[in-house]
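Here is the structure we will look at, set down as structure tokens.
The values are calculated or read from the model by the stated rules, or taken from the named source; none is laboratory data. On a predicted model such as this, the values are computed, not experimentally measured, just so you know. Here the Cβ positions follow ideal geometry from the backbone for every residue, glycine too, while neighbour counts run over all protein chains shown.
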Amino acid sequence: MLGTIFSFLIGIIAGTLTGLTPGIHTNLIATSIISIPILLKLPTSYFLIFITATSITHTFLNFIPSIFLGAPDSDTCLGILPGHKFLLKGHGHHATKLTLTGSVIAIISLIIIIPIFFFIIPKIYPIIKQMMGFILIWISIFLLLNESNKTTSILIFLLAGFLGMSTFNLNLPNPLLPLLTGLFGTSTIIHSIKTKSIPPKQIIENFSIKKSKLIKPTLATILISPICSLLPGLGSSQAAIISSSIFKKLNNEQFMILLGSINTLIMSTSFLTLYLFQKTRTGTAAAISQILNISSRNLITILITIILTSLLAIPLTLFSSKTIAKQIHKINYTKISYTILIFLILITIYFTGILGLLVLIVSTLLGLTCIELETKRNLLMASILIPTIIFYLPF
């Protein structure tokens with residue numbers, strides 16, 4: 001029992017650190033832990049609880065660097081623009097509460113989605129698997145059709161796809177780190193330095209939102225997440241794009257809620273996908289698959305861990321966000337931006353070497369180009385989408 005509790009608490013601490021630290025993802029923690037021989041002698045249940053707690057905690061806190069520092073990961077990159085708008089209006093903490101609301105919705109929705117996964121998804125999955133490449137092509141076309149300047153959008157989409165294909169062919173140890181950090185992180189930070197964005201004193205107030213505003217994000221999460229959790233190359237950001245395109249007229253508050261809910265739910269359902277189809281939808285699920293075959297008992301352990309983790313992650317997220325919000329205006333934001341920029345560059349060099357730095361530079365330039373052309377930055381996710389399409393096409 002002590003070992004179980006210890007694994008759970010250490011997982012929450014690890015998830016807090018990865019959630020608040022730009023450039024460090026739970027995938028890195030999970031793969032590092034299972035590569036240490038001495039730790040593999042411990043009961044596999046400890047790893048299961050640790051990895052689950054780390055992953056879920058991370059999804060609650062990982063929007064904080066996006067909102068306050070403009071330093072996202074692949075799951076929170078779309079939260080930069082609306083999150084930054086909230087920050088510049090003094091409502092950065094409010095933006096965090098919106099994503100937190102989404103995460104809570106995700107945990108509640110998980111109860112509804114479980115029967116869908118067990119009784120409906122297995123029946124349609126063979127069809128989805130055969131049509132995977134074509135489904136992803138349709139989604140790409142769907143995203144491009146929603147753009148006003150189609151010529152520029154197609155150009156950015158194709159350039160991002162080419163960059164993604166080139167990056168994955170370099171055999172980097174962690175190709176997504178320099179790729180997505182450049183496209184969404186360093187490009188945003190450099191633009192922020194260039195425009196001299198200075199966040200005002202943040203307003204800490206009681207959170208309130210009309211219940212009617214929760215309906216669309218909740219429905220979108222429940223309907224889209226189960227399908228997207230089966231499609232490789234489609235992360236939380238792409239699922240949010242599809243959802244917001246189907247459920248029109250989502251305001252910034254609803255979009256932040258949607259990002260938070262899909263982010264947490266896709267991570268949660270990745271364990272269901274692993275159990276039902278032996279498919280590793282996320283890096284943490286892949287790590288689990290390397291140490292054990294998930295049984296029904298393991299799945300129950302995972303679901304209980306998800307719920308208990310959420311109960312602790314909520315106050316942790318509120319405390320972290322509130323603390324940063326109170327201090328952010330007191331510190332030179334330009335210096336913070338330079339510090340984060342240097343940190344991301346050093347992280348990239350440490351984990352991916354000089355080639356990774358080259359990818360970071362090129363992806364940063366593409367990200368800046370996208371900003372200057374005022375093109376929607378979700379198109380940059382073609383860096384993952386196009387290589388996945390090519391992989392799954394049957395010819």
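Of all the residues in segment 270-306, those that are under 20 Å from Thr18 (Cα atoms), within 19 Å of the chain's Cα centre (by Cα) and modelled with pLDDT of 80 or more number 3.
Among the numbered conditions (1) farther than 27 Å from Leu143 by Cβ; (2) surrounded by 14 or more Cβ atoms within 10 Å (Cβ to Cβ); (3) modelled with pLDDT under 85, the only one that Asn332 does not meet is (2).
Against the conditions (1) under 27 Å from Asn251 (Cα atoms); (2) within 25 Å of the chain's Cα centre (by Cα); (3) surrounded by fewer than 17 Cβ atoms within 10 Å (Cβ to Cβ); (4) small (Gly, Ala, Ser), Ser212 satisfies every one except (2). Leu231 satisfies every condition listed in (1) within 20 Å of the chain's Cα centre (by Cα); (2) at pLDDT 80 or above; (3) not aromatic (Phe, Trp, Tyr) except (2). Looking only at segment 121-152, filter to residues that are in contact with a helix residue (DSSP H, G or I) (Cβ under 8 Å, 6 or more places away or on another chain) and not in a helix (DSSP H, G or I); which one of those is surrounded by the most Cβ atoms within 10 Å (Cβ to Cβ)? If we take residues in segment 121-152 being in contact with a helix residue (DSSP H, G or I) (Cβ under 8 Å, 6 or more places away or on another chain) and not in a helix (DSSP H, G or I), then Glu147 is surrounded by the most Cβ atoms within 10 Å (Cβ to Cβ).
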